[in-house]
1. Provide a single number: the residues in the range A:142-171 that are of a type in the set (A, V, I, L, M, F, W, C), more than 21 Å from A:ALA287 (Cα to Cα) and open to solvent by 30 Å² or more (accessible area, probe 1.4 Å).
2. What's the total number of residues in the range D:78-90 that are open to solvent by 30 Å² or more (accessible area, probe 1.4 Å) and out of contact with any Leu (no Cβ under 9 Å at 6 or more places or on another chain)?
3. If you go through the range D:10-20 one residue at a time, do you hit one that is part of a loop (DSSP other than H, G, I, E, B) and either open to solvent by less than 30 Å² (accessible area, probe 1.4 Å) or under 22 Å from A:ILE229 (Cα atoms) (or both)?
4. In the range D:47-62, what residues are without any contact (Cβ under 8 Å) to a residue 12 or more places away in the chain and surrounded by fewer than 19 Cβ atoms within 10 Å (Cβ to Cβ)?
5. Looking only at the range B:17-60, count every residue that is farther than 20 Å from C:THR33 by Cα and either within 7 Å of chain C (Cβ to nearest Cβ) or among the hydrophobic types (A, V, I, L, M, F, W, C) (or both) and tell me the total.
6. Among (1) within 7 Å of chain C (Cβ to nearest Cβ); (2) open to solvent by less than 10 Å² (accessible area, probe 1.4 Å), there is one condition B:VAL64 misses while meeting the rest; what is its number?
7. Quick one: is C:SER18 touching a Pro at 6+ places or on another chain (Cβ under 7 Å), of a type outside the set (A, V, I, L, M, F, W, C) and under 21 Å from B:THR42 (Cβ atoms)?
8. At pLDDT below 90 and under 30 Å from A:ALA263 (Cβ atoms): which single residue out of A:GLY170, A:GLY182 fits that description?
Amino acid sequence: MAELIDLVLLGMLAITALRIIFLKDLFAVVMLFGIYSFLSALIFVNLDAVDVAFTEAAVGAGIATVLMLGTLALTGRKEKANSHTALLPLLVVIVTGAALIYGTLDMPPFGDPENPANQHVAPRYIEESPQEVGLPNMVTSVLASYRAFDTLGETAVVFAAAIGVLSLLGLPKQSQATIESGLKSHLVLRVVAKLIIPLILVFALYVQFHGDYGPGGGFQAGVIAAAAIILYALVFGLPLATQVIQPKLLKILASMGVLIYAATGVAGLFFGGNFLDYNVLASDPVAGQHIGIIVIEFGIGVTVFAAILSIFYGFASQAERANIQ
Amino acid sequence: MLVLTATSVAILSVMALALARALKADTVYDRILGVNMVGTKTALFIAVMGFLGGRPDFLDIAIVYALINFIGMIAVLRFFEYTATDGEPGDKEQSS
Amino acid sequence: MILETLSTILLISGAFFSLTGAIGLFKFPDFFTRVHAASVTDSIATILIISGLILRTDFDLVAIKLLFILVFLLLTSPTASHALAKSARHGGLLTLAEIRDTQNKDNG
Amino acid sequence: MDRKTIIYLVTWTLILAVFWLLLSGFFKPLLLSFGLASVVLVVVLVRRMDNTDNQPQKPSLSLPFFRYIAWLLGQIVLSSSQVAKLVWGSSKRLSPTTTKLPVAHIPEDSRVLYANSITMTPGTLSVDIDDNYVTVHALREDSIKSLQGGKMANSVANISGDKN
């Protein structure tokens with residue numbers, strides 16, 4: 001049954017991808033990418049990769065669509081006609097694709113427990129993490145404890161992305177509230193948005209603090225919380241949103257999250273362990289792990305929230321400026 | 001169990017039909033309608049799949065879908081105002 | 001046992017209604033009528049399927065989470081439909097009746 | 001802060017706290033304190049938003065509201081079967097119409113509920129709403145007629161009548 005569902009979903013994914021290639025209307029392309037992301041998240045769910053599916057749901061279907069639409073608002077809707085022929089690129093793609101497929105022939109069978117990938121560190125994580133880290137959700141143990149250094153890098157990447165976008169687009173100034181913006185004429189939208197935003201925010205915080213027990217954690221929580229504020233900005237207009245959550249505050253929050261994460265690592269050094277070794281944070285190693293994971297997940301959540309929201313602010317303020325001129 | 005399988009197959013076919021509507025749309029609005037329907041059915045499908053596999057933690061993901069799909073829709077409508085100047089919105093879309 | 005039968009009935013009719021809506025999405029002549037078809041799958045099919053699932057739980061937190069999904073979907077999807085229809089109208093998309101009227105005017 | 005604001009904030013706090021508890025299902029002190037902090041943070045944000053846009057939304061959870069929802073569910077079942085007949089039958093039986101219905105007598109808080117109820121009931125779709133009228137698109141003329149009967153409008157108007 002699961003294989004059949006996978007096949008159907010993959011088929012739908014392929015059709016969507018093909019259609020995207022031949023569409024010239026970029027607005028439609030963005031919307032089809034939304035579907036593409038829905039479908040791929042469904043495949044992840046079907047493969048039992050719940051945490052990945054969670055991220056794909058929040059980032060791919062929600063934020064990516066919003067940011068790509070923001071870009072379109074700046075660049076225009078139609079794809080430029082391509083003047084040169086695509087023969088050479090096609091040849092390159094075919095040769096590369098053939099080489100890759102040839103390479104897969106030597107790969108061990110899919111899902112075989114004897115595969116090198118399944119023999120390396122995975123058995124250790126699966127067998128030892130309940131004693132060493134003591135969390136029900138193994139993904140969080142790997143992400144926040146065994147691979148904490150990688151995750152610190154990822155958080156720094158998100159932070160760097162925000163800096164990059166802001167240095168290009170700039171943050172909006174706080175009170176230019178004279179400009180009429182937002183979907184103000186939509187009474188129904190305003191009311192429903194005001195009812196649902198608090199619920200989304202509480203849900204995001206629930207995801208933040210329950211990453212130890214189920215799917216979720218700082219990355220997903222940060223994105224969902226940012227999505228709630230983005231909804232507010234979309235419905236009530238950017239100027240009002242910047243009054244609720246100031247761009248200045250976002251700058252501070254984004255850097256604070258990375259700092260909290262790194263400081264946890266340094267605290268490990270301070271207590272006589274390695275960088276990001278949580279065992280020494282408390283007298284009992286498992287309790288120390290728990291404290292460390294909660295604190296760094298919090299740091300991740302804060303940075304991701306602030307980074308995504310400030311990227312959105314950057315795009316939206318440019319779009320609004322372009323719209324007025 | 002058989003009923004749950006049948007239900008999930010039905011939802012999957014609905015998603016396929018909505019996808020077809022989104023791929024081959026008369027107007028932009030039909031396309032948005034199709035995309036929205038794929039989104040809401042995704043949430044439903046995950047809930048049913050959680051039951052099929054006996055994994056109730058899928059439900060959190062279904063909640064995310066229900067919420068995020070809405071935000072995506074609103075964003076589409078909002079930015080459609082900005083980009084609509086490139087072509088009349090009511091026009092037949094040029095599909096290749 | 002009764003619960004399971006009831007749940008089966010709910011799930012099957014939910015599946016039926018969602019297929020009905022999806023077919024209406026192709027059978028109905030214009031955008032506005034198609035929104036009606038979509039709203040069949042959004043309201044009744046969602047209600048039936050989720051209630052069918054709730055009857056299969058032990059009425060614990062799982063049931064409550066299903067209820068949350070239902071509430072969120074019922075809160076957001078009519079709002080999305082309404083906003084979309086409103087945008088379409090403001091974007092100048094005419095309903096079938098209005099198209100008929102303008103054609104009559106042109107001919108007369 | 002006057003009395004009304006306090007009641008409003010307490011309502012939100014209670015709803016959000018219950019939402020958190022039901023989502024979480026853990027009653028450990030650590031998670032409960034996280035929950036408390038989260039709810040307080042969100043209520044502060046709600047207050048900030050209300051001060052910015054001056055449009056606070058009080059969630060209504062009164063008994064008449066739930067009675068109305070039960071009634072609405074019945075309506076949805078009835079009209080769904082009609083639309084299902086239209087889908088499976090010949091498409092000639094469609095007679096889409098657009099009408100304006102008055103909403104001036106419905107309290108402002110409840111108009112959105114009215115509009116969404118119209119949309120949620122298959123066969124009718126609210127296309128636009130302003131201070132005086134809601135524009136309704138219907139698949140068949142008789143569904144408009146039943147709306148014009150005013151049963152739904154009166155039920156919606158009664159909810160907020162009892163609330164205050």
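The values are calculated or read from the model by the stated rules, or taken from the named source; none is laboratory data. What you are looking at is a predicted structure, and each value in this text was computed from that prediction instead of being measured. So basically every Cβ, Gly included, is an ideal-geometry build from the backbone, and we count neighbours across all protein chains shown. For accessibility, only protein heavy atoms count, side chains too; no ligands or nucleic acids. Shrake-Rupley method; radii C 1.70, N 1.55, O 1.52, S 1.80 Å.
1. Summing the residues that are of a type in the set (A, V, I, L, M, F, W, C), more than 21 Å from A:ALA287 (Cα to Cα) and open to solvent by 30 Å² or more (accessible area, probe 1.4 Å) in the range A:142-171 gives 12.
2. Restricting attention to the range D:78-90, the residues satisfying the condition of being open to solvent by 30 Å² or more (accessible area, probe 1.4 Å) are D:78, D:81-82, D:85, D:88, D:90.
From the residues that got through so far, the ones that are out of contact with any Leu (no Cβ under 9 Å at 6 or more places or on another chain) too are D:78, D:81, D:85, D:88, D:90.
Count: 5.
3. Step one: list which residues in the range D:10-20 are part of a loop (DSSP other than H, G, I, E, B), which gives none.
No, every residue in the range D:10-20 fails to be part of a loop (DSSP other than H, G, I, E, B) and either open to solvent by less than 30 Å² (accessible area, probe 1.4 Å) or under 22 Å from A:ILE229 (Cα atoms) (or both).
4. Across the range D:47-62, the qualifying residues are D:ARG48, D:ASP50, D:ASN51, D:THR52, D:ASN54, D:GLN55.
5. 12
6. Single failed check for B:VAL64: (1).
7. On the way: touching a Pro at 6+ places or on another chain (Cβ under 7 Å): no; of a type outside the set (A, V, I, L, M, F, W, C): yes; under 21 Å from B:THR42 (Cβ atoms): yes.
Taking the combined requirement at face value, the residue does not satisfy it.
8. A:GLY170
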